[in-house]
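First comes the structure, then the notes that go with it.
Computed from the coordinates by the stated procedures, all read-outs in this text should not be read as laboratory data. Nothing here was measured: the structure is a model prediction, and the numbers come from that model. Positions of Cβ are backbone-derived with ideal geometry, glycine not excepted, and every protein chain shown enters the neighbour counts.
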Amino acid sequence: EMLAQEHAYYARQAAQKEGQDEVVNSSGWSLWSIIQIIIIVTFLVFFACGFDVSVVSISAGCILMCIAAYKREKFDPRPENTDYDAEGNPLPPKKTYDLDGNEIQPEEEELVTESETTLTEVDYGLLMLFIGQFILIGSFNDTGVPQEFFRLTMGSCAGQMTAVPCLYWFVLIITILSNIASNVPVVQMLAATFPYATPYDWLQVSFSATVAGNLTMLGSAANMIVAFQAAKVGDRTFTSERHAPFGIPSTIVSLYAGTFLLSTFHYIPECSEKLGRCPGGENYVEGKVWDPSVGNEE
């Protein structure tokens with residue numbers, strides 16, 4: 001399938017080069033690009049203001065889809081449905097005949113709707129990958145193995161996993177797990193393992209899991225998506241061997257430098273507001289340290 005897509009890509013490129021008499025270079029932004037940027041910036045503003053992420057995302061997606069559909073119907077040229085061979089030569093249209101041998105004239109092709117276009121671009125294999133990961137991790141969490149694993153590996157640091165020097169050991173464990181099971185399932189696992197973690201704990205988890213995913217190709221689904229998309233257009237050089245010489249040292253340096261900066265200059269609570277353990281809360285007791293996995297005093 002990848003080879004067929006690659007051949008079709010090169011065929012289209014060859015056909016476009018042969019059919020172009022003039023090359024028009026446009027350095028300015030089109031009206032549609034400006035509208036899309038405004039909508040995306042507005043989405044980010046609403047997201048930063050704390051509005052419901054699902055509502056804002058769905059609303060922005062619907063608006064963008066409607067704009068794209070209007071542009072496709074009113075302004076874009078009709079799609080070219082000419083087929084090409086491997087050398088880029090156009091293939092003649094297929095003729096159809098009725099029972100009497102008369103040629104059937106093709107009807108005028110209807111414009112493809114935005115929904116049809118969007119559904120064909122959905123990566124269903126990737127969706128199934130994430131669905132399978134979430135189901136697997138959810139079932140795995142119910143066994144209690146992740147909780148026991150973190151207690152054994154963290155040892156005495158289990159109750160203060162984001163306190164220096166335990167923090168650096170905790171980051172190492174997240175890095176290893178993220179490159180075995182990918183970073184998204186690891187975060188899901190931690191959500192069930194440490195239900196009483198503080199906002200600062202989750203800030204460190206978010207940073208560590210995100211950056212650790214760049215250590216190897218398997219660390220993040222984004223790396224595999226990029227490799228597959230590159231292969232579809234004929235570039236098969238994005239491999240684990242090419243990724244490792246840059247990915248491993250840059251990830252380690254970025255990970256521990258960022259961890260140090262976060263632990264030194266963060267302005268996020270190191271206590272759970274929800275459980276009332278911050279100053280002024282009903283369960284606040286000065287000098288107490290709480291175990292994030294069970295919510296008990298250490």
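Below are the figures for this structure:
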read-out	value
Within segment 162-216, chymotrypsin sites (Phe, Trp or Tyr not before Pro) in DSSP loop having at most 16 other beta-carbon neighbours inside 10 Å	196
Under the Karplus curve 6.51 cos²θ - 1.76 cosθ + 1.60, θ = phi - 60°, whole-Hz ³J(HN,Hα) for segment 216-223, x wherever Gly or Pro sits	9, 5, 7, x, 9, 5, 4, 4
Three-way shape call for segment 143-203 based on the alpha-carbon gyration tensor, with the a/c threshold at 1.5	rounded
At R0 = 45 Å, FRET efficiency that the Cβ-Cβ distance of residue 68 and residue 244 yields, to 0.05	0.70
Pairwise FRET efficiency - residue 51 versus residue 126, Cβ, R0 = 22 Å, nearest 0.05	0.20
